[in-house]
Amino acid sequence: MSERATSEQAGRGPVRVAVLASGRGTNFGAIVAAAEAGRLGAEVAVLVVDRPAAGAIDIARAHGIVAVVVEAREHPTREAYDKALIALLVERGADLVCLAGFMRVLGPAFVEHFRGRLLNIHPALSPAFPGLHAQRQALAHGVKVAGATVHFVDEGVDTGPIVLQAAVPVAEDDTEDALAARILREEHRIYPEAIALFAARRLRIDGRRVRILPAP
Ligand code: GAR
């Protein structure tokens, strides 16, 4: 079977979302705001960060969301780190795991465990400009249109099946910061939208394509 239905919940109540972040957490904040406004159809169950200084922790605290720090140095290998992360997310009952500026590459065991329920946001129109500094890469390449992509995670870096994309124009006098800010506004719009589609069971992975099913 090439088709895989996602967001299966077996009648266990609202979809529980875990967000993984490393930095300031504005995407996490947008997801929380959507949940609080009733636009997510899911609850934000936990924030996991790999750095104790991540600004995302303050957002979690302000909104009464459990924040857990899992540092790499507490674990001897990448595999051990990923295993600890899986155990934590299972314990927290995560149905969907959302990477939101999580700057670690997760290994194959993690990806396999959460396949079809692991999302990432990348500040580029994939498959262009994977990896670090996507906005800088876009400017250096001279593209006239840039954007953001929400995708399911596979074993590659920023490569999995695409759920939603949004495009923004590149201005003649753009700086990396100005372009990043323009893209970020779209990130904050499409990430909650993608999660809401998942929670409504409207995403179906069909090979490389993600079908968006009509609203019931
Ligand atoms: C976002 O721009 C996100 O797209 C990017 O990190 C930033 C995190 O910002 N992710 C990647 O580059 C993944 N390859 P935030 O902490 O304010 O959400």
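The values are calculated or read from the model by the stated rules, or taken from the named source; none is laboratory data. None of the values given here were measured: they were computed from a predicted structure. Cβ coordinates were reconstructed from backbone atoms using ideal geometry, including for glycine residues, and neighbour counts include every protein chain displayed. We work out accessible area using only protein heavy atoms, side chains counted, and drop any ligands, DNA or RNA first. Shrake-Rupley method; radii C 1.70, N 1.55, O 1.52, S 1.80 Å.
At-a-glance table
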quantity	calculated
Helical contribution to [θ] at 222 nm, DSSP H n ≥ 4, -39,500 (n - 2.57), averaged over the chain, rounded to 500	-10000 deg cm²/dmol
Length added when fully stretched, Ala53-Val145, from 0.36 nm per residue minus Cα-Cα	29.8 nm
Computed E for Glu91/Asp206 - FRET, C-beta separation, R0 25 angstrom, nearest 0.05	0.20
Accessible surface of His141 - all protein chains present, 1.4 Å probe, nearest 10 Å²	130
Extent along principal axes [Cα atoms of the chain; Å; largest to smallest]	49, 44, 34
Segment 31-160, relative contact order in percent, only Cα pairs under 8 angstrom and at least six apart counted	17
Peptides 74-81, 15-22 ordered by average Cβ neighbours within 10 Å, highest first	15-22, 74-81
Label-point separation, Ala215 to Glu71 (7 Å along Cα→Cβ), nm	4.6
Probe 1.4 Å, protein heavy atoms only - accessible area per residue of the chain in square angstrom	48
Along each principal axis, Cα extent of segment 156-216, largest first, Å	43, 26, 16
